[in-house]
Amino acid sequence: MSYASEGEGGYEDVESLLSKPVEYVLTTNVLTLEGDMSASDAASLMKEKNARSVLVTHNGEAIGIVTKTDILFKVMAQGKNPNKVRLREIMSSPIITISPKTSISDALAVMEKHVLRQVVVSSGPTVIGMVTREGLFEKIHRASMLTSQTAFKGTPVCIINPRAIAYVKEAVEAKLSCPYCGSPFDDKNALSRHIDRLHIGSGVLEGDVRRIVE
């Protein structure tokens, strides 16, 4: 369940979406488990709720976070028994949090800087939700599709900055096209450089933004 969500046509373009505060897109159903619970307990709960992480608590206070990746590399890959490993032993701490007023663009920058797939949203000492890189990129993808429908044909326009004209090569002659603005390209390297410079800098290749969150 989202704290707030976009309505029909709520996002005019990617630029307006990225400037919105995360309080409009965060998820409030954050999973929590006490630090004495096992990695197996966490894995089962994440599978049941289709989540990627759980907050680790002690006496009701969040003290760390454990992700699927933590369980995979800190437990399974090392041949440890997940039933015997306590969450407090593998959690990441302290928890990196952002304010609900933080923009989506800045939230993505925080996740990039700290190599995170999700970040906790808190108001003071109170955890109010979480945003995930996967969720944000899905919203960006939807906004980019909406914007591309209104772009002028034959005029590739950067949808992060609608004032910036990208390339003028005829699309019918190109082998690849930008998934955000439709600019045509002859090879993957040129496409990747274009996206890194003008869009979200995620090194997306072959026009599918969803691949980076798989």
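Check whether at least one residue in region 29-52 is modelled with pLDDT of 90 or more, in a strand (DSSP E or B) and within 29 Å of Ala143 (Cα to Cα), and report yes or no.
No, there is no match, as no residue in region 29-52 is modelled with pLDDT of 90 or more, in a strand (DSSP E or B) and within 29 Å of Ala143 (Cα to Cα).
Would you confirm, using the coordinates I've provided, whether Val56 is surrounded by 15 or more Cβ atoms within 10 Å (Cβ to Cβ) and part of a strand (DSSP E or B)?
yes
Out of curiosity, is Arg117 crowded, with 17+ Cβ neighbours inside 10 Å and in contact with a Lys or Arg (Cβ under 8 Å, 6 or more places away or on another chain)?
no
Would you be able to tell me the number of residues in region 75-93 that are crowded, with 19+ Cβ neighbours inside 10 Å and free of Cβ contacts under 8 Å to residues at least 40 places away in the same chain?
Residues meeting the conditions: 1.
Do any residues in region 14-40 that are farther than 24 Å from Asn50 by Cβ have Cβ atoms under 7 Å from those of residues that are of a type in the set (Lys, Arg) and outside any helix (DSSP H, G or I), where the two are at least six apart or on different chains, and which pairs are they?
Pro21/Lys101; Asp36/Arg86
Which residues, taken from region 86-135, are of a type in the set (A, V, I, L, M) and part of a strand (DSSP E or B)?
Answer for region 86-135, where residues must be of a type in the set (A, V, I, L, M) and part of a strand (DSSP E or B): Ile98, Val119, Val120, Val121, Val127, Ile128, Met130, Val131.
Pull up region 104-150, narrow it to residues that are of a type in the set (S, T, N, Q) and under 14 Å from the mean Cα position of the chain (by Cα), then point me to the one that is nearest to Ser16 (Cα to Cα).
Residue satisfying both the conditions and the ranking: Ser105.
Which of the residues spanning region 116-126 are out of contact with any helix residue (DSSP H, G or I) (no Cβ under 8 Å at 6 or more places or on another chain) and either modelled with pLDDT of 90 or more or among the polar types (S, T, N, Q) (or both)?
If the condition is that a residue be out of contact with any helix residue (DSSP H, G or I) (no Cβ under 8 Å at 6 or more places or on another chain) and either modelled with pLDDT of 90 or more or among the polar types (S, T, N, Q) (or both), then Val120, Ser122, Ser123, Thr126 are the ones that fit.
Which is over 21 Å from Leu17 (Cα atoms) and modelled with pLDDT of 90 or more, of Lys101, Lys84?
So the residue among Lys101, Lys84 that is over 21 Å from Leu17 (Cα atoms) and modelled with pLDDT of 90 or more is Lys84.
Taking region 36-55 as the region of interest, how many residues are in contact with a helix residue (DSSP H, G or I) (Cβ under 6 Å, 6 or more places away or on another chain) and over 21 Å from Glu134 (Cβ atoms)?
The total comes to 2.
Any chance region 63-85 includes a residue that's assigned to a loop (DSSP other than H, G, I, E, B), among the polar types (S, T, N, Q) and under 26 Å from Ser144 (Cβ atoms)?
Among the residues of region 63-85, not one is assigned to a loop (DSSP other than H, G, I, E, B), among the polar types (S, T, N, Q) and under 26 Å from Ser144 (Cβ atoms), which makes the answer no.
The values are calculated or read from the model by the stated rules, or taken from the named source; none is laboratory data. Computed from a predicted model, the values in this text were never measured in an experiment. Cβ coordinates were reconstructed from backbone atoms using ideal geometry, including for glycine residues, and neighbour counts include every protein chain displayed.
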